[in-house]
Amino acid sequence: MTVHGNSAVVLRAHRTNRDQPPSSLLEVTTLPPQEPAAGQVRVRNTYQHLIAATGDLMFETTPIPVPPFRVGEPLYGVAIGEVVESRSDDLPVGAVVQHMAGWREESILGPGEAFPVPDGVFPGPEYLLNQGVPAYYGMVDVAGVGEGDVVLVSGAAGSVGSMAAQIAKARGAATVIGVAGGPEKARYLVDDLGLDAAIDHRNSDLDDRLTELAPGGITVFFDTVGGPQFEAALRHAAPGARFALAGTLAGQVGGGDGGHPRLDIMTALVREVQIRPFSTRHTPEQVQAWNTHYAQWYAEGRITFAHTLLDGDLHRVIAAQDELLAGVHRGNVIVRLAG
Ligand SMILES: NC(=O)c1ccc[n+]([C@@H]2O[C@H](COP(=O)([O-])OP(=O)(O)OC[C@H]3O[C@@H](n4cnc5c(N)ncnc54)[C@H](OP(=O)(O)O)[C@@H]3O)[C@@H](O)[C@H]2O)c1
């Protein structure tokens, strides 16, 4: 008889306030055995990607345009695994696939739910675990970043922000400034990701640093944080600046006013700042645009995969989600699951 490791991370109760760390409401549970039906595959998961929005999906309702998690059911999220049993003509045993049914040791996946990871493009399959799609869409399609731009990225050492900042460099921006928490993350942005400058939002004054680093004003702002960082960016906006608003980490994570910054309408209108919030729907075109550029820029050495790789089991995944929200890690946080 085949023994399947079918443990999963399950939601015990909905979050009701942001002071509750995700780990306080999650548990590892053994699911009933499930066999793949015709057309399905069983996948043994090897890498789990963690993102900030997982904390939002633990609330009973959320404005995020994907379903919230349900009490008593496993979480979901992007993972990579290997097909260990196949009843599909398309995915043989041994195929490495990316899918959305993560947060469990094994996933049963049907047609259209598992996507083969291309071989040989990146050093490892985990390099596909990134949020480059919203980063690319926001930077390129919303903000139209290009040569000569002076770019500010908030949350620049995070999952979305680290890719967005590098995309601006790859597109020829004149100056890319990243905002991150702490001196080590600031160093990382400049030394490892190749940004022109970094601002440590925990230990320096944003206005003073922006006056120094962007005396002519910023022409593009990619915002994942909101709140006071949005307000500061507007004070330093050049005429006609384009603001692509991706996220509100200062409210999602810090419990502050990330989603409710004060908008100085007079400054915005006099400088004709274009403020465009966006929500990426991961259309085939958006995914294709990012995948093509990511592979090309990576091969050319113009972009690096910013990530933190942790090792462990599903309990480690739960702990890592708390750590991500606390700002402990940088780049894309990934847990390599013990076999
Ligand atoms: N619009 C879209 O289509 C779209 C798609 C995907 C994600 N998003 C959004 O993009 C944002 C970034 O997501 P992510 O997964 O990449 O998260 P992330 O940046 O990896 O989130 C963790 C980081 O948040 C920062 N942080 C925590 N508290 C903060 C505070 N009070 N003020 C400022 N920064 C704080 C910390 O960085 P520091 O230590 O550097 O402060 C921490 O490392 C989220 O708002 C997410 O919902 C939007």
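A few points about this structure:
- The packing ranking of peptides 79-87, 182-190, 17-25, highest mean first, is 79-87, 182-190, 17-25, where packing means the average number of other beta carbon atoms within 10 angstrom of each residue.
- Dipole of the chain, positive end: most advanced residue of T175, T219, H307 [Cβ charges, Cα centre]: T219
- Rounded to 5, the percent of DSSP beta bridges in the chain classed as antiparallel: 50 percent
- Ligands, DNA and RNA aside, D207 has an accessible area near 40 Å² when probed at 1.4 Å.
- Local electrostatic count, R209, Cβ distance below 14 Å [Lys/Arg +1, Asp/Glu -1]: -4
- Only DSSP H runs of four or more residues enter the estimate; each adds -39500 (n - 2.57), and after division by the residues of the chain the mean residue ellipticity at 222 nm equals -7000 deg cm²/dmol.
- Per the Debye calculation on segment 132-277 with a single equal scatterer at every Cα and no solvent contribution, log₁₀ I(q)/I(0) for q = 0.10, 0.16 Å⁻¹ amounts to -0.27, -0.73.
- Accessible-area composition of the chain, carbon plus sulfur, in percent [1.4 Å probe]: 52 percent
- Peptide ranges 62-72, 43-53, 305-315 listed from the most packed, as the mean C-beta count within 10 angstrom indicates: 43-53, 305-315, 62-72
- Residue-span extension gain [L309 to H14] - 0.36 nm each, minus C-alpha spacing: 103.4 nm
- Taking each residue as 0.36 nm, the span from D90 to V287 lengthens on full extension beyond its C-alpha to C-alpha distance by 68.8 nm.
- Distance (nanometres) between label positions extended 7 Å along Cα→Cβ at I64 and T211: 3.8 nm
- For segment 132-144, 3J(HN,Hα) per residue [Karplus equation, 6.51 cos²θ - 1.76 cosθ + 1.60, θ = phi - 60°, Hz, x = Gly/Pro]: x, 5, x, 4, 5, 4, x, 6, 8, 7, 8, 8, x
- Per residue accessible area in Å² of segment 132-277, where ligands, DNA and RNA are left out and the probe is 1.4 Å: 39 Å²
- Shape metrics for the chain, restricted to C-alpha atoms - Rg then Dmax, Å: 20.5, 72
- Summed residue charge, Cβ within 14 Å of Y136's Cβ, Lys/Arg positive, Asp/Glu negative: +2
The values are calculated or read from the model by the stated rules, or taken from the named source; none is laboratory data. Quick caveat: nothing in here was measured; it's all calculated off a predicted structure. A quick note on method: Cβ atoms are made from the backbone with ideal geometry, for glycine too, and the neighbour counts reach across all protein chains shown. What goes into the accessible areas is simple: the full protein's heavy atoms, side chains included, and nothing from ligands, DNA or RNA. Shrake-Rupley method; radii C 1.70, N 1.55, O 1.52, S 1.80 Å.
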